[in-house]
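The values are calculated or read from the model by the stated rules, or taken from the named source; none is laboratory data. This structure is a prediction, so every number in the text was calculated from the model and none was measured. Neighbour counts are summed over all protein chains in view; Cβ atoms, including those assigned to glycine, are modelled from backbone coordinates with ideal geometry. For the accessible areas, the whole protein counts, side chains as well, though only heavy atoms, and no ligand, DNA or RNA atoms are used. Shrake-Rupley method; radii C 1.70, N 1.55, O 1.52, S 1.80 Å.
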Amino acid sequence: MSLAILYKAAWLLVHLIFTVVETVLFYRNHLLRQLRKLSPRSQPQKTPTNHVEYLKLHREYLEKIPQHLAVILGLEEPNFQTLANIIYWSMASEISYISIYDHRDILQSRQAEFREFVLRQRTTPGHVAFASGPDTSDGNGFKRQIKVQILSRADGKQTIGDLARTLSQEVQRGELQVDQIDVEFVNKRLGDLTGRVPDPDVAVYTGSFCCTYGFLPWQSRLTEFIAIGTQEHFALDDFLGVLYQFARKEQRFGK
């Protein structure tokens, strides 16, 4: 048996083991969420009264915190309460940016209503700034703040396609050389279109199966994806579970 076949067999075995472990963990977390839902005693304790202090307590045990958290909505209707909770929990955890991607564009059409709902919650001291365009800076000077952007399908593959078409036209007109186009160049041009927001470090996706629904194909090439099940049952401890999972990940960035 050649070494190539052995390497291939070893790779397939490692991939199989990883897939099995990932599946077991997903259904374990799903089962725990269902058990919490059925337990009447767990409901009052689901979210501690002072979640800021609760998150601050756990923050000391986390080696790293994502700078940019993304939420990918699946086939469910957007749950305003859960999304507002995630925004304020993120701000309390010192996450600077949060993107909510709705491929069905429901949240885009109700964006004003959603903003008012989020701002009425005020569960964490600080400032929530909604990005309304490429310029995401607000210069308000708040010590604790989070910048929120609502993304639709048009912000995903369509933006990359439009940029690729523009670069191709610039090359044809002699305004741009092909060897000028690299990762840094594309990042800069995308930043000009979408705002100076760092790429998502971690993305949580709802629903029972993994699908990105066209979410930011360029910006998410190094993003960690974590399943969270249904929005309705996503509680503070589940959010902490996401932070702990991300903190354990070793990001090699292609090395």
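Values computed for the structure shown
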quantity: Gained length - HIS58 relative to GLN245, 0.36 nm times residue gap less alpha-carbon distance; calculated: 66.0 nm
quantity: Positive-end residue, the range 66-204 charge dipole about Cα centroid, Cβ charges, pick of SER90, GLN169, ALA154; calculated: SER90
quantity: Largest to smallest accessible area among THR212, THR223 [probe 1.4 Å]; calculated: THR212, THR223
quantity: The range 57-209 - accessible surface per residue (Å², probe 1.4 Å); calculated: 52
quantity: Overall form of the range 199-252 per C-alpha gyration tensor (a/c, 1.5; a/b vs b/c); calculated: oblate
quantity: Centre separation in Å (Cα based) which lies between the range 52-72 and the range 161-190; calculated: 37
quantity: Gain in span if fully extended, ALA112 to LEU6, counting 0.36 nm per residue against the direct Cα distance; calculated: 32.4 nm
quantity: Intensity falloff of the range 150-206 expressed as log10 I(q)/I(0), Debye formula with alpha-carbon point scatterers, at q = 0.12, 0.20, 0.24 Å⁻¹; calculated: -0.35, -0.84, -1.09
quantity: Cα centre as origin, Lys/Arg/Asp/Glu Cβ charges: the range 153-213 dipole, Debye; calculated: 260
